[in-house]
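Input: a single structure, listed below in structure tokens.
The values are calculated or read from the model by the stated rules, or taken from the named source; none is laboratory data. Not measured: the values here are computed from a predicted model. All Cβ positions, even for glycine, are placed from backbone atoms using ideal geometry, and neighbour counts span all protein chains on display. SASA here: full protein model, heavy atoms, side chains in, ligands and nucleic acids out. Shrake-Rupley method; radii C 1.70, N 1.55, O 1.52, S 1.80 Å.
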Protein chains: 2
Amino acid sequence: MTGFNLRHFAQHGKKVVAVGRNYRDHCAELNNAVPTTPMLFMKPSSAYLTESSGPILIPRGCTDLHHEVELGVVIASECRDVSVDTAMSHVGGYALALDMTARDFQEKCKSKGQPWEIAKGFDTSLPVSRFITKEELPEPHNVVLWCKVNGEDRQRGNTREMVFNIPTLLSYISGIFTLQPGDLVLTGTPAGVGPVKAGDLISCGIADLLQCQFAVAQR
Amino acid sequence: MTGFNLRHFAQHGKKVVAVGRNYRDHCAELNNAVPTTPMLFMKPSSAYLTESSGPILIPRGCTDLHHEVELGVVIASECRDVSVDTAMSHVGGYALALDMTARDFQEKCKSKGQPWEIAKGFDTSLPVSRFITKEELPEPHNVVLWCKVNGEDRQRGNTREMVFNIPTLLSYISGIFTLQPGDLVLTGTPAGVGPVKAGDLISCGIADLLQCQFAVAQR
Ligand SMILES: [Mg+2]
Ligand SMILES: [Mg+2]
Ligand SMILES: [Mg+2]
């Protein structure tokens, strides 16, 4: 049905829908209110960076590039106006992801009321792990995500702390944007986001299931 | 190289990069300053609506859906950091497009400093014409775009009035987001944007070269 193996979601998937402010402690650290409906934005598929395919590149002009470790949900089958009850049947698997964010660009966009794409969607702004099967992650709402920079702890949060859980997100999103096989939904980041600079090494993982590493360089 | 015929850009293309405020008269009508660098946002490929594939659907909760007629540029070959001088060699052709915009949602996003995707990227927010070859449109910077609603003139502007021309846009965009075969770049809308409601019929065209029609219905 998809025409490709979901393991290759980063190569073939078209759309990445991201959810902002989906962990209370992260809302607090950036002085944002906890949302009453999911706040959505997108990254283009050209932003994907898979392991061993080069460093995360700091966009020209950016002086405050932040890591945001997130659980990504890979869509297996088309969903439009899907119900909360049936949403999980459209999940094909998962990936760990970094929602790399040019925080300085984002602050400027926010203050001017301008779109966020240049802050969120630049090339290499979406490092991802390998595909994770549903069998490998039977409890997606009870797993620890972590992120370290140069070996130092930065983020550690449990997915049970999401404001909107995965089926709620998929139902809401699919009422606006049809989700298609290979699309990725980024489910938000726990507290601890912070800057990286050229030469840094980011490592991130899901509990003991998986970890991956990405170097940082200047574009 | 692309693995598909560019005529099928709407089916296979992954990314749509749109430029806001690229005609002075449109900046003025929405009380926006003329930008000094292109203002970029994106639509997902799930937003495409081709002719004869159903109506434009007004998103639930939207009470001010606007038409914005635009020239779309279809990318033929990958470009990253392309120069202004060589940018046009990456153009495979064109399409006429409507950048349908939930203006009420957009105003809310702007006032809250939130991302624009729900205002710009909902399903059916990107009606497009058939593919137009470069031979059919030898002077993309000197052609009239027009849009009517129920037969009444709404928009009429010449592409020579763009603030940033096509090579300038492609050079700027490709310095941030790698453009890939089948990607579409929307080059902004001239003045005259305005609301449509369920039951309306939008017709739009490029001079006498091409015209297309889209009905409007409630989702
Ligand atoms: Mg995030
Ligand atoms: Mg004009
Ligand atoms: Mg527009």
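For beta carbons closer than 7 Å, sequence separation of 6+ or different chains, a first residue in segment A:30-53 that is away from chain B (no Cβ under 12 Å) and a second that is at pLDDT 95 or above and part of a strand (DSSP E or B), the qualifying pairs are A:Thr50/A:Val128; A:Glu51/A:Cys212. For segment A:158-177, the condition of being within 26 Å of B:Arg219 (Cβ to Cβ), in contact with a Cys (Cβ under 7 Å, 6 or more places away or on another chain) and within 16 Å of ligand 3 (Cβ to nearest atom) holds for none of the residues.
Residue by residue, here is whether (1) closer than 18 Å to A:Arg24 by Cα; (2) more than 14 Å from chain B (Cβ to nearest Cβ); (3) in contact (Cβ under 8 Å) with a residue 60 or more places away in the chain holds:
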{"site": "A:Asp123", "(1), (2), (3)": "no, no, yes"}
{"site": "A:Phe131", "(1), (2), (3)": "no, yes, yes"}
{"site": "A:Leu145", "(1), (2), (3)": "yes, yes, yes"}
{"site": "A:Gln155", "(1), (2), (3)": "yes, yes, yes"}
{"site": "A:Ser171", "(1), (2), (3)": "no, no, yes"}
{"site": "A:Ile176", "(1), (2), (3)": "no, no, yes"}
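Counting the residues of segment B:1-51 that are on the phi > 0 side of the Ramachandran plot and within 16 Å of ligand 3 (Cβ to nearest atom) gives 2. Among the residues of segment B:164-184, which ones are within 15 Å of the chain's Cα centre (by Cα) and either closer than 20 Å to B:His66 by Cβ or in a loop (DSSP other than H, G, I, E, B) (or both)? Within segment B:164-184, B:Phe164, B:Asn165, B:Gly182, B:Asp183, B:Leu184 meet the criteria.
Looking only at segment B:178-202, residues that are away from ligand 2 (no atom under 16 Å from the Cβ) and within 14 Å of chain A (Cβ to nearest Cβ) come to 9 in all.
If you check A:Leu30, A:Leu57, A:Leu71 for being of a type in the set (A, V, I, L, M), closer than 24 Å to A:Asp200 by Cα and open to solvent by 40 Å² or more (accessible area, probe 1.4 Å), only one passes: A:Leu30.
For segment B:184-219, residues that are surrounded by fewer than 16 Cβ atoms within 10 Å (Cβ to Cβ) and among the acidic types (Asp, Glu) total 1.
Going by the structure shown, is B:Pro127 without any contact (Cβ under 8 Å) to a residue 60 or more places away in the chain, under 30 Å from B:Arg60 (Cβ atoms) and open to solvent by less than 10 Å² (accessible area, probe 1.4 Å)?
Taking the combined requirement at face value, the residue does not satisfy it.
Against the conditions (1) touching a strand residue (DSSP E or B) at 6+ places or on another chain (Cβ under 6 Å); (2) more than 9 Å from chain A (Cβ to nearest Cβ), B:Trp116 satisfies every one except (2). Being within 13 Å of A:Thr189 (Cα to Cα) and either surrounded by fewer than 19 Cβ atoms within 10 Å (Cβ to Cβ) or not small (Gly, Ala, Ser) (or both) is a property that does not hold for A:Glu78.
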